[in-house]
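Quick notes on the structure that follows.
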Ligand SMILES: *Cc1c(COP(=O)(O)O)cnc(C)c1O
């Protein structure tokens, strides 16, 4: 699905030197590389504060802890997402309130969000799924009206530009109260291990986030509250500094792949190509198609037999997962999410794909239908 080796080879000399320098400096934790990466990412995103942490799941958890959300508080999020979003809500004994997404863009439907608000609602967590933004402007309006926090799960859309109705643009993850991201190796900005970060424009909140991520201390050995230990290490920061300089060009490469797939699959009787939202550009963390009247298991088998990778993001909606089953929800309650989980499939998309590979993949997919 990704070609991390091919990508590494293009920046190998620079990366190897940076890693070696970090080892030689022995500043493994909170070293200068972490500070520099933080400052460079703040500049790139045009956000006041970037707080690096250990991974994207921690970023979401720390965000919710820093906002002082309390057990029983309701947090609205998309049902069609990676589990981490709901996991941290449940872990903190908050109450996940799931809502359906749009069938075309796979992102949170603001109308469904507003319908799910109760007096106990404290926060909304939109997920910028597969590389394009949820409708943040509408979501922020709802949040303002009901006095709610907004935590953007930006693990899949770092670098995407959100476009407001008045024409001004802001980077994904910098619009809500807090933004969270992951530097997992296969993400658009991936390190060579685990990593994550939290973004905010609020000075007080940034202090609180740093404190929570650092054992609840603002002065060493004085713990004002119960926190966690979540850090980005210096070697990962050194690698991320290099890759950040390539992030926009990586997004362009991904968009080229998407354009090739679009052209091959547009107007196909059994394939729905990913809809583009009008509110942001797309950085294509995934290229996800929806099948129409076709057998997904057979397609996967056919592709596997031809060495074409194909993944299902995501096969089971949260409300039908054992860990997140809840008497409030039953099968049939989220028709769009359930339909998507049964019919989506994602094809390889990364920065190192060439025309030959793309032709092979698209031919294989098209052959499956023509041979039926
Ligand atoms: C990857 C991902 C996360 C979690 O990131 P980790 O670094 O793996 O903990 C959270 N939300 C979404 C939408 C993701 O894709």
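If you go through the stretch 133-166, how many residues are assigned to a helix (DSSP H, G or I) and within 24 Å of residue 42 (Cβ to Cβ)? Steps first, answer last, please.
Our first condition is that a residue be assigned to a helix (DSSP H, G or I); within the stretch 133-166, this holds for 136-146.
Checking the rest, the ones that are also within 24 Å of residue 42 (Cβ to Cβ) come to 136-137, 139-140, 143.
Residues meeting the conditions: 5.
Can you tell me how many residues in the stretch 303-318 are in contact (Cβ under 8 Å) with a residue 40 or more places away in the chain and buried (at least 17 other Cβ atoms within 10 Å of the Cβ)? Steps first, please.
The initial filter retains those residues of the stretch 303-318 that are in contact (Cβ under 8 Å) with a residue 40 or more places away in the chain, namely 303, 306, 308-309, 311, 313-314, 317-318.
From what's left, buried (at least 17 other Cβ atoms within 10 Å of the Cβ): 303, 308, 313-314, 317-318.
Number of matching residues: 6.
Which one of 280, 325 is within 27 Å of residue 99 (Cα to Cα) and within 16 Å of the ligand (Cβ to nearest atom)? Step through it out loud before you land on a result.
Numbers: 325 fails: within 16 Å of the ligand (Cβ to nearest atom).
Exactly one residue qualifies, and that residue is 280.
Out of all the residues in the stretch 319-339, is one or more surrounded by fewer than 19 Cβ atoms within 10 Å (Cβ to Cβ), within 30 Å of residue 171 (Cα to Cα) and within 19 Å of the chain's Cα centre (by Cα)?
No.
Report those helices (runs of 4 or more DSSP H) wholly inside the stretch 47-132 carrying at least 1 residues which are away from the ligand (no atom under 16 Å from the Cβ). Break it down into steps so the answer makes sense when it comes.
Numbers: elements: 56-66, 84-91, 110-115.
It comes to 56-66, 110-115.
Restricting the search to the stretch 164-187, which residues are on the phi > 0 side of the Ramachandran plot and within 16 Å of the ligand (Cβ to nearest atom)? Explain how you work it out, then say what you get.
So in the stretch 164-187, the residues on the phi > 0 side of the Ramachandran plot come out as 167, 173.
Result: 173, single match.
Touching a residue at least 24 places away in the same chain (Cβ under 8 Å), in a helix (DSSP H, G or I) and under 21 Å from residue 89 (Cβ atoms): does that describe residue 205?
Details: touching a residue at least 24 places away in the same chain (Cβ under 8 Å): yes; in a helix (DSSP H, G or I): yes; under 21 Å from residue 89 (Cβ atoms): yes.
Yes, satisfied.
Based on this model, can you work out whether residue 276 counts as modelled with pLDDT of 95 or more and exposed (fewer than 15 other Cβ atoms within 10 Å of the Cβ)? Working first, answer last.
Details: modelled with pLDDT of 95 or more: yes; exposed (fewer than 15 other Cβ atoms within 10 Å of the Cβ): yes.
Yes.
If we scan the stretch 188-200, do we find a residue that is out of contact with any strand residue (DSSP E or B) (no Cβ under 6 Å at 6 or more places or on another chain), away from the ligand (no atom under 12 Å from the Cβ) and assigned by TED's automatic domain parsing to the domain that holds residue 55? Step through it out loud before you land on a result.
Taking the stretch 188-200 first, the residues out of contact with any strand residue (DSSP E or B) (no Cβ under 6 Å at 6 or more places or on another chain) are 188-195.
When the remaining residues are screened for being away from the ligand (no atom under 12 Å from the Cβ), the result is 192.
Subsequent filtering for residues that are assigned by TED's automatic domain parsing to the domain that holds residue 55 retains 192.
Yes, that holds for at least one residue.
The values are calculated or read from the model by the stated rules, or taken from the named source; none is laboratory data. Quick caveat, the model's predicted, so the values are computed rather than measured. For neighbour counting, all protein chains shown are included, and Cβ atoms are generated from backbone atoms with ideal geometry for every residue, glycine included.
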